[in-house]
1. On average, how much accessible surface per residue is there in the chain, in Å², for a 1.4 Å probe, leaving out ligands, DNA and RNA?
2. Keeping the other protein chains in place, figure out the carbon and sulfur percent of the accessible area of the chain, with a 1.4 Å probe.
3. Between rounded, prolate and oblate, where does the range 6-72 land on the alpha carbon gyration tensor, with a ≥ b ≥ c its root eigenvalues, rounded for a/c under 1.5, else prolate if a/b exceeds b/c?
4. Give me the extension gain from SER7 to SER52: residue separation times 0.36 nm, minus the current Cα-Cα distance, reported in nm with one decimal.
5. Which distance in nm do the two modelled labels at LEU102 and ASN73 give, with both placed 7 Å along the Cα-to-Cβ direction?
6. How high is the relative contact order of the range 3-115, in percent, with contacts defined as C-alpha pairs under 8 Å that are six or more residues apart?
7. Starting from the exponent 0.38 and prefactor 2.2 Å, build the expected Rg for the chain from its residue count and divide its actual Cα Rg by it.
8. Using a Cα-Cα cut-off of under 20 Å, which aspartates and glutamates could be cross-linked to LYS86, ignoring same-chain neighbours fewer than 8 residues away?
Amino acid sequence: QGQLVESGGGLVQPGESLRLSCAASGITFSAYTMGWYRQAPGKQRELVAAVSPYSGTNYIDSVKGRFTISRDNAKNTVFLQMNSLKPEDTAVYYCNAKRNNLVYWGKGTLVTASS
């Protein structure tokens, strides 16, 4: 059974940076598309960024140029580097692994950008 564990969330001031990590186990990590989703209070969960098994990436418009997703297949880990954080980036961030009809979720890590 696959398991995803996120880390790296916290409280920062607007303009600062955070790096999220998601460690995967129990799956053939290199074969999965890995994604970061977020859910702010009162809002639907949305896809922030994803990286394919071939390292192709995509981002929502609001984070382009500020966030970078990457993966390390040797360490079964996916990262989300978040720079120039804004208050509207405040949310619980979830790691996701997807391959055909197989989908796994982490429990989430809270990111708060506030002065």
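1. Working: 6190 Å² over 115 residues.
Here the per-residue accessible area is 54 Å².
2. Ligands and nucleic acids excluded, carbon and sulfur reach 46 percent.
3. Working: a/c = 1.64, a/b = 1.51, b/c = 1.08.
It comes out prolate by the Cα gyration axes.
4. Details: separation 45, 0.36 × 45 = 16.20 nm, distance 2.09 nm.
My answer for the length gained is 14.1 nm.
5. About 1.5 nm separates the two model spin labels.
6. Working: 273 pairs, mean separation 41.9, N = 113.
That works out to 37 percent.
7. Details: Rg = 13.3 Å, N = 115, 2.2 N^0.38 = 13.4 Å.
After normalising by residue count via 2.2 N^0.38 Å, the value is 1.00.
8. GLU16, GLU46, ASP61
The values are calculated or read from the model by the stated rules, or taken from the named source; none is laboratory data. The structure presented is a predicted model; accordingly, all values stated were derived computationally and were not measured. When we count neighbours, we look across all protein chains shown, and the Cβ atoms used for this are built from the backbone with ideal geometry, even at glycine. Note: accessible area is taken over every heavy atom of the protein model, side chains too, but ligands, DNA and RNA are not part of it. Shrake-Rupley method; radii C 1.70, N 1.55, O 1.52, S 1.80 Å.
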